[in-house]
Amino acid sequence: DTLSIHETGVEARLAGAFATIDLRALQHNYRTLAALAPTARTAGVVKADAYGLGIAEAVPALAAAGCDTFFVAWPEEGRALRKVSPHARIYVLGGLFGREAAQAYAEASLIPVLNSRRETAIWEGFCSTDGVAHACAIHVDTGMNRLGLTFEQARTLAEENALTSALDPVLVMSHLAGADQPDHPLNQRQLETFTAARQLFGGVEASLANSAGIALGADFHFDLVRPGIALYGGLSGLDLQPVVCVEARIVQIRTVRAGEAVSYGAAAVVQRDSRVAICAAGYADGLPRALSGAGVPLRAVTGGGHGFAGGRRVPVLGRVTMDMTMFDITDVEDGALTVGDRIEVFGPNLPIEEAAMAAGTISYELLTGLSRRHH
């Protein structure tokens, strides 16, 4: 169901910014993505507290939709997820910092993604001392140049492990660098390198596709796909539903006369008598300052962001401030909005990708940047 904590309670009456999270839309998106990769299993990437939406709420919803495998970034995220989902398979993409960390992985039944020879040595040493070849994933870099073993390092590891069985690889994986550009030549090069890399590890499960990689087709799906941003409605073109609606409460509506300026720097000067809605959300709430509207030097090349209210888009006016953002509501029917009403920053009427583009950023950053001031 839509998650909104005590909408009629005192918390809602006192809040300035609101983030409504639709868990049914999250489940719809998971099932849609799984249907696009029918020959593979579909995991859920829930790092950064489920992209800012809350592991404690998102993981049970995804599990109810059929997801039993999750990826997080760091060990503490994995430990938090384990409390919510005792039986899930949890991969940790980074953070095998040393022997003490290895013990913590084992205690929480977390599977480390081994990204370097140093990490494989740490895990080998831990398994040897513990007397058990604990499960792990092997990350092979195929062109991202961020984390991962080189192809030659992976070959050496596979040959050594075939003799020693010191490790128990249950997944070999890589990460696509340019999947959001379907025609990028790196996609095919990474596919070819990864196809060779998976053969080094025999029948071990293989995973290459992230959200955008799923849309590249069956050749990229292998055994397991790993959607992240698409789960949360932040990728267009895949019949996905918006999961998050962010709104800001109107605290004042004022008339600004033609020739007068709005907000810091007096950079935005209105060209007509205007009605301006002052809303209780700003960059301290995660609304990027780059959403600032017309006349502001730091605005994005698109000319600034918009909100949605009164059945139409309303432009951001002047600089976004720490606690407040101004919207030009002159073209909204007079009387249609009043103090206490909300203006949508992104959601079902204003796609998050559009809001991100207006701020010169990406939907990932908008979601993970939402502050805890939101109700």
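The values are calculated or read from the model by the stated rules, or taken from the named source; none is laboratory data. Small disclaimer: the values here were computed from a predicted structure and weren't measured. For neighbour counting, all protein chains shown are included, and Cβ atoms are generated from backbone atoms with ideal geometry for every residue, glycine included. Side chains are part of the model used for accessible areas, which takes the heavy atoms of the whole protein and leaves out ligands, DNA and RNA. Shrake-Rupley method; radii C 1.70, N 1.55, O 1.52, S 1.80 Å.
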For this session: Express the accessible area of the range 258-341 per residue in Å², computed with a 1.4 Å probe while the remaining protein chains stay in the model.
Result: 45
Exercise. Roughly speaking, what % of Cα-Cα pairs in the chain are separated by over 26 Å, rounded to a whole number?
Worked result: 57
Exercise. Between Leu163, Leu191, Leu224, which gets the highest mean-square fluctuation from a Gaussian network model of the chain, Cα cutoff 10 Å?
Worked result: Leu163
Exercise. What figure in square angstrom, to the nearest 10, would you give for the accessible area of His374 with a 1.4 Å probe?
Worked result: 30
Problem set entry | Expected 222 nm ellipticity per residue - DSSP helices of 4 or more, -39500 (n - 2.57), all of the chain, to 500 | -8500 deg cm²/dmol
Seminar exercise, completed: Expressed to two decimals, the range 248-321 has a Cα Rg over Rh, using the Kirkwood radius, of 0.93
Exercise. Of all DSSP beta bridges in the chain, what percent run antiparallel (nearest 5)?
Worked result: 55
Problem set entry | Whole-Å distance, taken between Cα centres, linking the range 224-270 and the range 116-191 | 40
For this session: Compute, for Met357, the solvent-accessible surface of its heavy atoms (probe 1.4 Å) with the complete set of protein chains present, and express it in square angstrom to the nearest 10.
Result: 130
Exercise. Relative to the longest principal axis of the chain, what angle (0 to 90°, nearest 10) does the C-alpha long axis of helix 117-130 take?
Worked result: 60
For this session: Within the range 196-275, report the trypsin sites (Lys or Arg not before Pro) that DSSP leaves as loop and that have at most 15 other Cβ atoms within 10 Å.
Result: Arg257, Arg272
